[in-house]
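See structure below.
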Amino acid sequence: MASPKPSPNRFVRLHKYLAQCGIGSRRACEGLIAAGHVAVNGVPETRLGIRIDPRRDTVTVKGRSCRPAPFVYLAVNKPRGVVCTCRDPQRRRTILDLVPADHGRLYPVGRLDRDSEGLVLLTNDGNTAHRLAHPRYRITKQYVVQVTGVPSDVLLRQMRHGIRSGGELLRADQARIVRTDGTATWCGLVLHQGRKREIRRMFDVLGFQVLRLRRIAIGPVRLGNLAPGRWRHLTPRELSRLTGSQNDDRPPGGPQTPGVLPAPPAPR
């Protein structure tokens, strides 16, 4: 009797499988494939769209076999002065210096610049990292930002409609004033695009200097009372909400509804 045909659901694209193994982001894995560093069953493979059967096929990267490692998901409160890179040529303190090395190879999701602080996620799950980082999935990020002066309602409305900077259209899903302290103002912002230094660039175009920028939530994961420089594992509820659609390549129907923005951090 003939053996049954393998189920189509068993097959997965090669770059996605590599991301599941913690090799890197999907884009980085595509680069490894294109460069000829990946082999399937001993044969170098450079086709980006090829699918493999993880149960039967052996995949190697630069001669080393790779299998999916147990996934790790950490929430970290990044202090100012820490960089969101895995390695830094200038030997500055990195986000990985804040967590134990025995978690294995992790990489940051939702990067913050050196002068910003707040929530960063670390994981070895390339699929979830891709979903969180790609704007098509519209995963919201929430911030509290202290700026000089007092932005008017007209300027905040302009942020919601879109501001041109460096050839890009920057936009906040929500922008409102949380508190005014005479010469400075705390604003609450919600974004989903995640362009480089997006908030600072918008305020710069409007003529306001950012004094402090803190991210307080990524999708369903909130910073809460996690102290600067500390980390924690994601809760089962957070993980379920965060990864529930990772196997669905269709974006969810619209942005997630953000919660109520908390009060800004106390002055230091």
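What the table shows:
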item: Rounded if a/c under 1.5, otherwise prolate or oblate - region 82-131, Cα gyration tensor axes; result: oblate
item: Computed magnitude of the charge dipole of the chain (debye, nearest 20; Cβ of K, R +1, Cβ of D, E -1); result: 140
item: Sequence-distant aspartates and glutamates (8 or more away, or on other chains) whose Cα lies within less than 17 Å of residue 78; result: 88, 97, 113, 115, 117
item: Burial order of peptide ranges 85-94, 64-73, 188-197 (average beta-carbon count within 10 Å, highest first); result: 188-197, 64-73, 85-94
item: When the convex hull of its Cα atoms is projected in every direction, mean area for region 131-242 (nm²); result: 7.8
item: Charge-dipole axis of region 36-133 as Lys and Arg at +1 and Asp and Glu at -1 on Cβ define it, positive-most pick from 58, 100, 42; result: 42
item: Under the Debye formula (equal points on every Cα, no solvent term), log10 I(q)/I(0) of region 9-65 at q = 0.16 Å⁻¹; result: -0.38
item: Unmatched cysteines, the chain - criterion: no other Cβ of a Cys under 4.7 angstrom; result: 29, 84, 86, 187
item: Burial ranking of peptide ranges 153-161, 97-105 (average Cβ count within 10 Å, highest at the top); result: 153-161, 97-105
item: log₁₀ of I(q)/I(0) at q = 0.12, 0.13, 0.14, 0.16 Å⁻¹ - the chain, Debye sum with one point per alpha carbon; result: -0.80, -0.91, -1.02, -1.25
item: Value of [θ]222 nm, deg cm²/dmol, for the chain, DSSP H segments ≥ 4, -39500 (n - 2.57) each, nearest 500; result: -5000 deg cm²/dmol
item: Inter-part distance where region 18-37 and region 42-91 are each reduced to a Cα centre, Å; result: 7
item: Cross-link reach list, aspartates and glutamates versus residue 62, counting only Cα pairs under 20 Å and skipping chain neighbours closer than eight places; result: 30, 45, 53
item: Cα-projected label distance for residue 134 with residue 85, points at 7 Å along beta-carbon direction, nm; result: 2.6
item: Angstrom value of the Kirkwood radius, inverse mean 1/r, which spans all Cα pairs in region 52-137; result: 14.6
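Laboratory data are not the source of any read-out in this text; all were calculated from the coordinates shown. Since this is a predicted model, take the numbers as computed values, not measurements. Glycine also receives a Cβ, built like all others from the backbone with ideal geometry; neighbour counts cover every protein chain displayed.
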